[in-house]
Amino acid sequence: MAVPATMAPVARRRSPARALWRRLRRNPVTLGALCVIVALLGAAALAPLIAPFDPDATDAAAALQSISWQHWLGTDIYGRDQLSRILFAARVDLFVPFAATAIALTVGSLTGAIAGYRGGILDQLVMRTVDAVLAFPALVLAMGLSAALGHSIGNLVAVLTIAQIPVYIRLIRGEMLRVREMEYAEAARSVGNPSWRIALVHLLPNCLPPLIVQATLAMGFAVLTMAALSFLGLGIRPPDSEWGEMTAEGASQMVTGEWWLFLFPGLAIMVTVLTFNLIGDGLRDFLDPRMRGVQ
Amino acid sequence: MPDIKRRDVFKLAGGIASLALGQGLASRRGMAQGARTLTIAWDTDIDTLDPAAFKSIGAYVVQANVYDNPLMWKVRPVEGKPGLYRSQPGEFEGNAVESWSFEKDGATLVLKVRPGLKFPSGRPVAARAFKYMFDRGMQSPGYIRLLFPTLLAVTKPEQIEVRDERTVAINMPAPSPMTLDVMALSNNALLDPDEVKAHATEQDPWATEWLKRNAAGLGPYTLVKNEPGIEVVLEATKNYWRPAPYFQRLVFKFVPNESDRILLLKRRAVDLVTGRPGLSPKSVKSLEGEPGLKIFSVQDTTCHWLCMNGKKPPFDNVKVRQAINYAIPIQAIIPNVLYGYGAQMKSPLPNLTPGHDETLSPYKHDIAKAKSLMSEAGLGGTPIPVELAIRVGWLPHEQAATWIQRELEQIGFQISIVKETDAAFRQIASKGGHQLSIESWQSWINDPFYHLYFNFSSKAISTNTAFYANPEIDKILAENMLAPQSDKRLAAARQAQKILIDDAVWGFLWYDNWTRVMRTDLVGVEKRWDTFERYYDMKLA
Amino acid sequence: MARAVFVQRCARDTPLPARTHSARAGLLHKGGGNRSKWPVTRSMSLALYILRRLLSVVPTLFGVTLISFFLTYLLPGNPALVKAGPLATPEYVAEVERRMGLDRPMWEQYGRYVSGLFRGDLGESASTGRPVLEDFLQRLPATLELTLASLILAVAIGVPLGVLAAVHRDTWVDHLGRIIGVAGVAMPTFWTGLLFIYVLFYMVGWAPAPLGRLAPDLSPPAHLTGLYVVDAALSGNWRVLGSSLAQLALPAATLAFSVMAPLARMARATMLEILQSDYITAAWAAGLPRRRVVYGDALRNALIPIVTTLGVIFGFLMAGNAVVETVFAWPGIGNYAVTALMTKDSGPIQSFVLFVAVMYVSVNLAVDLIYALVDPRIRLG
């Protein structure tokens, strides 16, 4: 549990890292999820080194082979090794949602902070826009935007960012409304700080905990959205491999019995999203003592 | 009173009994509403029914079955494949026309309209209906107005002459070898002139808006239902001038997923799968030996090639084009994409077309040679980013593109595959927006110069996908297009092939087979030059 | 994600008390003080709230039309070119452009678009050549049937699961529920569908072939609502009823599986909160039978946040529809929209996006109004 502020001087002598480790040990699920995420990120980063085959290497003789000792996850219709393709696809499937979430987080919280602090017309305008954008389910908005903007990686990042920003704006604005009347805000105002400085430097850091939780959960959601877009043919183009697109290709081979082509990419998506969700849950329990009692 | 013998009574009773039994059997065969129905699955929609317009495969199939044409290509049984028939070159039979003859050494074609034909409206079919049909083809905003001038040198409506109630004459400046073929095209649809004119307006004198969604003319079948994305239903025309067809009802179900089409076939929920593509070769292969189904596959004239836009560098350099031809892994593509349902393309002319010469092509998969050609062109150092466009849903193209991409990346290109829809693909292609793309073409008239003209003439802007312009080729085309059939003409075709192969205008890929998978007892399947099935003669064995 | 979305809904300003956990818990605890005022001013403040809520929808809808117009404005390709056909001359294309109003400034095009909406003119589809409204109305029943079936399934399985998990906290029921919930959210909807098809159809053969709404040899029942299940039941056509239910099973299960988790979590969290509240403890102390307390009053109070969550889930359902219809070849508007997105067919894209947003706004509006009418404070009386 969070150390009460009055005990702060004593607590600082105890290493926060050890406290964290103790917390994690008590929560094996979160620990496991963290390990998996590290492994995933490592695999994606080291893909060129650890992938057994070149992901684009065709091999007519080895086409459509099931799982075997040579090709752990089988091959597709061009003889390409599926394990290598999944490893390389991890780079796209982890990078794009991460970039989108990071940008959306930054832009969204800044906008929400200022709107929440200032109030008035600016606030109303921002909130009405956010309401309008949030009236579209995220995937539908992403579908429409990707059809309009195009299929490059940059555009996909933009699409996923736009779909996420409103959520952060609302979140931070809500927190800002709560926090701006507190004593330290009052203190900062009395000293004569300009409002943007108060909003961003003094108040925003206090709104961070729910933001971090939301961001982690949103990563999982962004991965799902990106996979769904590619599955429908609105996302990444070949030759870049991507899990959703690989699942779509595998789906068309299901009728002729090649089950390994749709199963493993989808499994990769699930494992990734699951770990992000578990970490997000763990973070929430860690950071927000108010909500802990209920769960 | 006549003597009623006991034998007669038994005969009568037997007759009644067998009639009842027959009825019972008929109803047990499960005919919908008492009509014999053929259920077909396809992956296409009807976008327009206007005979003069470019249309989707589904719309062509419907057009071919809903309208009579002046002539039809005759069909003969195929040896070894009972139930399958195909056309032979130069064999025609009259359809809406009863007989034809030539005058002025073949420069004038005289058609005699079949007597006694009536449109569904009740109006008789007379020569003026033919004149209207040809006039509309030549003047309405469509593409048929390109065919008559190019193939027959008929440019003015005055050249189509109504001589009397039953006679139409087409006056060409000189005889053309493709005259009768043009008459057999399904675009020459026998429209009911009065019906169509009733829907014409001042801004739309040829009723193009109305004909987009309606059909009005004489044909073996009538369009009764068109639900886009669901199904299309044709029913046999009442009081048609030929005996009623075996299948009185045709139901075309729209099934966009290929896996679903395969499942429907396996469950006998559909009798036939058609389209282009209807089933990819891999799917056909997986259905070989399936009990209750049979596969009809014959060589055909459909060409598939890697189109290199001659107006975009570096594809304007002949060495680059040759290098690409040496890089195409055709020895991997043919078995892994076609599974035996096609043949390697060795010439720009299809292998069934007169004049085809397969000995002229030196190209084979040779990466070393490809690389040396690229360096001769001064390229191959830094990878050149290129987009390879293919159409969505054309699985063999998708697969071929992936094989090709891999090889081209070894000789100095960086390929990204772009999937476009049919409409977008055509739009971009017609404006010259593609760098590389995979195109296909099927010449409805199996004539070498028809094929060469539309694909390689500098004047055929919308069909010459490589934007190829070679005055030598243009000259050969101009001299021989409308010349009578002769050895000289064939030799000219051969010469044109040599030029095109040396110039590596196309990245040669393959010729498709015409393949259909259907229930074992379906016979009367006819393969004509334009590949669209006509269901009139089909029946269950 | 449900949690995140839930927080988002809380942060919106509504005149009635915000629905945060603590606030809601506070609601249940608040007893006495304000109640004497309520009978007098309740109906007035309720009417005022309803009016304000209805009015707040207007700027949202305006924004929604702006966004959907802008989306299609950005679409690549020239719809006039598609309509004119590949062999049209440049003059003909310009003529078509003029007729379609594409040469006018953006704000004027927007005006045309909105006035078209009021007339019911949603544009034309390039691939079918028909008005989009016609295509929509033809395909809407299929999507409606799928959505309703999924919703029913999700509620029927998710809510009891959550309630049981709360009542038997920290037992195997709870853990199982949590695993299903967590897995359900993490599995991509299209993958779940493919997995269902592969296991239940290809491997064990229990489910029918995913070929659409009915087995291929049956024809649809007499058209009353367009929902095959309802129409078949109403006309007594049992074979068609059975077939349409069988065909509906897998797609509805797929969609339900992906939205079940938020429902179950919400049910569990709410139930736990209520079970721990003073009111319930008091009821138990007073000796009321446990079952009646739990499944009677507690559940009734728990239903309100569940209804709220339904509104949120509706958004997921509309989005998930597009994916599930694609996987199962279901002939609904989701499938239609995905095809239109591939072909960059602006009319259907615009209309689909607008339709989904309007549905989502309407459902949330309905949920808010229901919530206002069913305020738990009255229940405690």
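The values are calculated or read from the model by the stated rules, or taken from the named source; none is laboratory data. Predicted, not measured: the structure shown is a model, and the values here were computed from it. As a convention, Cβ positions derive from the backbone with ideal geometry for all residues, glycine included, and neighbour counts pool all protein chains shown. Note: areas computed on protein heavy atoms with side chains; ligands, DNA, RNA excluded. Shrake-Rupley method; radii C 1.70, N 1.55, O 1.52, S 1.80 Å.
Which one of the conditions (1) open to solvent by 20 Å² or more (accessible area, probe 1.4 Å); (2) β-branched (Val, Ile, Thr); (3) in contact with a helix residue (DSSP H, G or I) (Cβ under 8 Å, 6 or more places away or on another chain) does residue A:75 fail to meet, given that it meets all the rest?
Status for residue A:75: all satisfied but (1).
For residue A:57, only one of the following conditions fails: (1) over 17 Å from residue A:167 (Cβ atoms); (2) buried (at least 18 other Cβ atoms within 10 Å of the Cβ); (3) facing another protein chain (nearest Cβ under 9 Å). What is its number?
Of everything listed in (1) over 17 Å from residue A:167 (Cβ atoms); (2) buried (at least 18 other Cβ atoms within 10 Å of the Cβ); (3) facing another protein chain (nearest Cβ under 9 Å), residue A:57 misses just condition (2).
Starting from residues that are within 14 Å of another protein chain (Cβ to nearest Cβ) and aliphatic (A, V, I, L, M), keep the ones in the range B:443-482 and report whichever is surrounded by the most Cβ atoms within 10 Å (Cβ to Cβ).
Among those residues, the one meeting the criterion is B:460.
Mind telling me which of the residues C:299, C:275, C:303 ends up being modelled with pLDDT under 85, within 13 Å of chain A (Cβ to nearest Cβ) and more than 30 Å from residue C:126 (Cβ to Cβ)?
Unique residue meeting the criteria: C:275.
Check residue C:157 against each of (1) away from chain A (no Cβ under 14 Å); (2) at negative phi; (3) open to solvent by less than 30 Å² (accessible area, probe 1.4 Å) and name the one condition it does not meet.
All conditions pass for residue C:157, except number (3).
Check B:324, B:295, B:333, B:328 and return the single one that is under 30 Å from residue B:523 (Cα atoms) and either in contact with a helix residue (DSSP H, G or I) (Cβ under 8 Å, 6 or more places away or on another chain) or surrounded by fewer than 22 Cβ atoms within 10 Å (Cβ to Cβ) (or both).
Residue meeting the stated conditions: B:295.
I need the helices (runs of 4 or more DSSP H) fully contained in the range A:81-156, keeping only those with at least 3 residues that are more than 13 Å from chain C (Cβ to nearest Cβ) and hydrophobic (A, V, I, L, M, F, W, C).
Result: A:82-118.
For residue A:30, work out the one condition from (1) farther than 22 Å from residue A:240 by Cα; (2) modelled with pLDDT of 90 or more; (3) open to solvent by less than 40 Å² (accessible area, probe 1.4 Å) it doesn't fulfil.
(2)
Test of understanding: among B:267, B:261, which residue is crowded, with 20+ Cβ neighbours inside 10 Å, of a type in the set (D, E, K, R) and within 14 Å of chain C (Cβ to nearest Cβ)?
Of the residues listed, the single one that is crowded, with 20+ Cβ neighbours inside 10 Å, of a type in the set (D, E, K, R) and within 14 Å of chain C (Cβ to nearest Cβ) is B:261.
Evaluate the range B:423-442: report whether one residue or more is part of a strand (DSSP E or B), without any contact (Cβ under 8 Å) to a residue 60 or more places away in the chain and within 14 Å of chain C (Cβ to nearest Cβ).
The answer is no, given that none of the residues of the range B:423-442 is part of a strand (DSSP E or B), without any contact (Cβ under 8 Å) to a residue 60 or more places away in the chain and within 14 Å of chain C (Cβ to nearest Cβ).
Among the residues of the range B:150-181, count how many are part of a loop (DSSP other than H, G, I, E, B), touching a helix residue (DSSP H, G or I) at 6+ places or on another chain (Cβ under 7 Å) and open to solvent by 30 Å² or more (accessible area, probe 1.4 Å).
4
So which residues in the range C:331-346 are away from chain A (no Cβ under 11 Å) and buried (at least 23 other Cβ atoms within 10 Å of the Cβ)?
C:332, C:333, C:336
Within the range B:360-405, restricting attention to residues that are open to solvent by 50 Å² or more (accessible area, probe 1.4 Å) and touching a Ser or Thr at 6+ places or on another chain (Cβ under 8 Å), which residue is nearest to residue B:506 (Cα to Cα)?
B:387
Given the structure, is residue A:18 assigned to a helix (DSSP H, G or I), at pLDDT below 85 and exposed (fewer than 12 other Cβ atoms within 10 Å of the Cβ)?
Yes; evaluated as a whole, the condition is true for this residue.
Filter the range B:239-252 down to the residues that are open to solvent by 20 Å² or more (accessible area, probe 1.4 Å) and at pLDDT 90 or above, then identify the one that is nearest to the other protein chains (Cβ to nearest Cβ).
The qualifying residue nearest to the other protein chains (Cβ to nearest Cβ) is B:249.
Looking at the range B:114-125, can you tell me whether even one residue there is open to solvent by 10 Å² or more (accessible area, probe 1.4 Å) and under 18 Å from the mean Cα position of the chain (by Cα)?
The answer is no; no qualifying residue exists.
When residues of the range C:236-249 are filtered for being over 26 Å from the mean Cα position of the chain (by Cα) and within 14 Å of chain B (Cβ to nearest Cβ), how many remain?
1
Could you check the range B:132-155 and list, in sequence order, the residues that are at pLDDT below 85 and farther than 15 Å from residue B:54 by Cα?
None; the set is empty.
Mind checking which residues of the range C:201-235 are open to solvent by 60 Å² or more (accessible area, probe 1.4 Å) and within 14 Å of chain B (Cβ to nearest Cβ)?
C:202, C:217, C:219, C:220, C:223
Could you count how many residues in the range A:157-194 are over 17 Å from the mean Cα position of the chain (by Cα) and either in a helix (DSSP H, G or I) or in contact (Cβ under 8 Å) with a residue 60 or more places away in the chain (or both)?
So the count comes out to 19.
Out of the residues in the range A:268-280 that are more than 20 Å from residue A:247 (Cα to Cα) and at the interface with chain C (Cβ under 8 Å from one of its Cβ atoms), state the one that is farthest from the chain's Cα centre (by Cα).
A:278
Look at residue B:410 and say whether it is of a type in the set (S, T, N, Q) and part of a loop (DSSP other than H, G, I, E, B).
Taking the combined requirement at face value, the residue satisfies it.
Residue by residue, here is whether (1) touching a residue at least 60 places away in the same chain (Cβ under 8 Å); (2) within 14 Å of chain C (Cβ to nearest Cβ); (3) under 30 Å from residue B:531 (Cα atoms) holds:
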position	(1), (2), (3)
B:165	no, no, no
B:168	no, no, yes
B:174	yes, no, yes
B:178	yes, no, yes
B:187	yes, yes, yes
B:207	no, no, yes
B:219	yes, no, yes
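Given the condition open to solvent by less than 40 Å² (accessible area, probe 1.4 Å), at pLDDT 90 or above, assigned to a helix (DSSP H, G or I) and at the interface with chain C (Cβ under 8 Å from one of its Cβ atoms), answer yes or no: does some residue in the range A:257-264 qualify?
Yes; the residues of the range A:257-264 include at least one that is open to solvent by less than 40 Å² (accessible area, probe 1.4 Å), at pLDDT 90 or above, assigned to a helix (DSSP H, G or I) and at the interface with chain C (Cβ under 8 Å from one of its Cβ atoms).
Take the range C:117-136 and flag every residue that is charged (D, E, K, R) and open to solvent by 50 Å² or more (accessible area, probe 1.4 Å).
Of everything in the range C:117-136, those that are charged (D, E, K, R) and open to solvent by 50 Å² or more (accessible area, probe 1.4 Å) turn out to be C:119, C:121, C:124, C:134.
When you scan the range C:12-90 for helices (runs of 4 or more DSSP H) that lie fully inside it, which ones turn up with 1 or more residues that are open to solvent by 30 Å² or more (accessible area, probe 1.4 Å), outside the structural domain of residue C:266 (by TED's automatic domain parsing) and modelled with pLDDT of 50 or more?
Filter on the range C:12-90 gives C:38-74, C:79-84.
Restricting the search to the range A:84-130, which residues are open to solvent by less than 30 Å² (accessible area, probe 1.4 Å) and charged (D, E, K, R)?
A:85, A:93, A:123
Within the range B:53-67, can one find any residue that is open to solvent by less than 10 Å² (accessible area, probe 1.4 Å), part of a loop (DSSP other than H, G, I, E, B) and either over 24 Å from residue B:426 (Cβ atoms) or modelled with pLDDT of 90 or more (or both)?
Yes: the range B:53-67 contains one or more residues that are open to solvent by less than 10 Å² (accessible area, probe 1.4 Å), part of a loop (DSSP other than H, G, I, E, B) and either over 24 Å from residue B:426 (Cβ atoms) or modelled with pLDDT of 90 or more (or both).
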